[in-house]
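Please read the structure below before turning to the comments.
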Amino acid sequence: MYHSFFDIFSIGIGPSSSHTVGPMRASTRFVRDLLQQSSTPVKRVLITLYGSLALTGIGHGTPNAVVYGLMGLEADKMDLSMDYIGQVQQSGQLILDGRFPIAFQIKKDILLDKQTFLPEHSNGMKFQAFDENDTLIKEDIYFSIGGGTVVRQDELGQNKTVQYTVPYPFESCAELMQLCTNHNMRIAEIVMKNEEAHHSFKEIRYRIEQIVKIMQTAIERGSVTEGQLPGELGIPRRAPIIYRRLEEKFYNNDQDPLMIVDWINLWAFAVAEENACGGQIVTAPTMGSAGVLPAVLRYYERFASKKSPFDIALGIGEFLLTASAICSLYRTNASISGAEVGCQGEVGVASSMAAAGLTAALGGTIQQIENAAEIAMEHHLGLTCDPVCGYVQIPCIERNAISAVKAVNAARLALRGNGNHLITLDSVIKTMYETGKHLSDDYKETALAGLAKNAFTC
C-alpha cells in the first residue's frame, strides 16, 4: 500500500503525533461528522482516553489536543500565541467547530481510563455527544495508529484508510527496487510520479518548500530560545547552550575534528525541544522523532552537499522523496507508533528514512540506499519507549540526536560499499515489527517501566 508523501510529512503541534496530532484530528472529525449527521442541538460532549493515551496523555498534551480538535482548529493555521486552553478553563465554555458554544470542563469532560487497553490498539479514544436531556446523540471510537493517522473503530478491519491509485505501487523494498530497475528511475522519481497522479508539480513543489521551511524554522527557533521545558521535570533547554559553545569554537578557530557531530546534535536538540514545548513541527515520521530528519537534512546542506550530484534544492527534494518511500514501507509492513512497537518505530524509522535520504542525495545507488536504511534500523531494533513522567523529553530529546548521528554513519557506511549486503531492508522491517509485538506493553509509551520507573517517581 502506497502512503503519500504528504501523509508522512504533515504539519502538526507537538509534542506527539500519536498522542497530540492524532487525537486532535479525531476530535475534529467526530465533531464535523456529528454536526453534519444530526440536527439535534448538542449540550455536552464526553471523551474517554484509554491505554497509552491515558497513561501518558497529560505529559503528551493529549487533553489539550482534544480541545483544539473540538474547537475545529487546524495545526498549520493555529496562532500559537493564543492561549486557547486558558480561555476554555476561564470561561467554562468551548465553541464546537468554532460555531456552537457548550459548557466544558477539561478535567471533568475528558476522562483518563488508565486501566483499559482497547483490543484493537493501545491508543484508543471514545467520543460521546449528548442533548439537553442527556440522551446520547452520537458515539464513535477512534484509534491513533501513528504519525498522526487516525481510524474509526469500524474502519480498522475494512481497509478504509486512504487508498492512493498510483502508477508505481509498491509494498516491499524488493518491489520498489525492481520498479527502479525496470523503468530506469531513481526512488525519488518513483515517488514524484506517484504524487503527480494526485497533485500538480507546482503544488507538490510548493508544499515540499513549506515543509522544509517549517523544519528549518524549528531549528532556528529552537537554537536560540532559552527557558525551561514544560512539566514537573524542570529540564532547561540545552540547544541554546550547545549553539553558543559552537559559536565560540568557530570564532576561536577551534579545529575539533568531531565538531560536525556537535552541529548534528544541536539541530536535533533544537527541533526536539521545540516539539516538547508544543511548537509547530513536521511529523518525520512522528513528532517524538521529528528532530532526526531535519538534523540530517541540515547536515547535508551545510557539510555534504558539495559531494552531491545535485544542487542543494534538487538534493533536498531527492532526500525527502526517498525518505518518504522508506517510511511508506514501514507503515505498510510494520508500524511507526511507539505505543505499538516501541521507540524503534519512531526514532528507528526516522533514522532509517534519514539514512536513505542522505545516501540518495549524495548520489548513492538504489542498493546503497537500501543498505543505509537497513543499517540504521538494524541498530535500533528492540528500542523501548519509556518516557519519564510521560513527557516527550527524557530520553526522547537526546535519542533524536543519537539517532541522527546514527543515520549519517549508516549512510557513510553504505556509500563506502558497493551496495552488496546480506540483510535486506524488508527482513529488517519484518524483524522490527515482530520485535515490537513481543515487547511488554510496559515498554511501549505507557511510562510503566524502564527509565520511567527507575529514574524518577512522578
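Values quoted throughout were computed directly from the atomic coordinates according to the rules given, and no laboratory measurement underlies them. Just so it is clear, the model here is predicted, and its values are computed rather than measured. Heads up, the Cβs are rebuilt from the backbone with ideal geometry, glycines too, and the neighbour counts pull from every protein chain shown.
Here the stretch 206-290 was treated as a single set of alpha-carbon atoms; its pair distances binned every 10 Å from 0 give 18, 44, 28, 10, 0 percent. Each stretch of four or more DSSP H residues adds -39500 (n - 2.57); spread over every residue of the chain, this sum gives -15000 deg cm²/dmol at 222 nm.
In summary, the lysines within cross-link reach of Lys193, defined as a Cα separation below 19 angstrom excluding same-chain residues under 8 places away, comprise Lys202. Rounded to the nearest 10 degrees, the angle from helix 22-37 to the longest Cα principal axis of the chain is 50 degrees. Sorting the segments 172-178, 267-273 by their residues' average number of neighbouring beta-carbon atoms within 10 angstrom, most packed first, yields 267-273, 172-178.
So what is Rg over Rh here for the stretch 263-311, counting just Cα atoms and using Kirkwood for Rh? A ratio of 1.06. If the reach is capped at under 12 angstrom between alpha carbons, list the aspartates and glutamates near Lys249, excluding any in the same chain fewer than eight residues apart. Partners within reach: Asp262.
Averaging Cα coordinates gives a centre for the stretch 215-289 and one for the stretch 60-110; these two points are 29 Å apart. With only Cα atoms counted, the chain has Rg and Dmax values of 21.7, 73 Å.
Listed cross-link partners Lys126/Lys213; Lys77/Lys406; Lys107/Lys138; Lys406/Lys430; Lys406/Lys444; Lys77/Lys307 are compared with a 26 Å cut-off, the Cα-Cα value being larger for Lys126/Lys213; Lys77/Lys406; Lys77/Lys307.
Counted over the stretch 13-158 with a bin width of 10 Å, the fraction of Cα pairs per bin, in whole percents, is 12, 46, 35, 7, 0. Packing around the peptides 206-212, 53-59, 256-262, taken as the average count of other Cβ atoms within 10 Å per residue, puts them in this order, highest first: 53-59, 206-212, 256-262.
A simple packing score, the average count of other Cβ atoms within 10 Å per residue, orders the peptides 42-52, 15-25, 188-198 as 15-25, 42-52, 188-198, with the highest score first.
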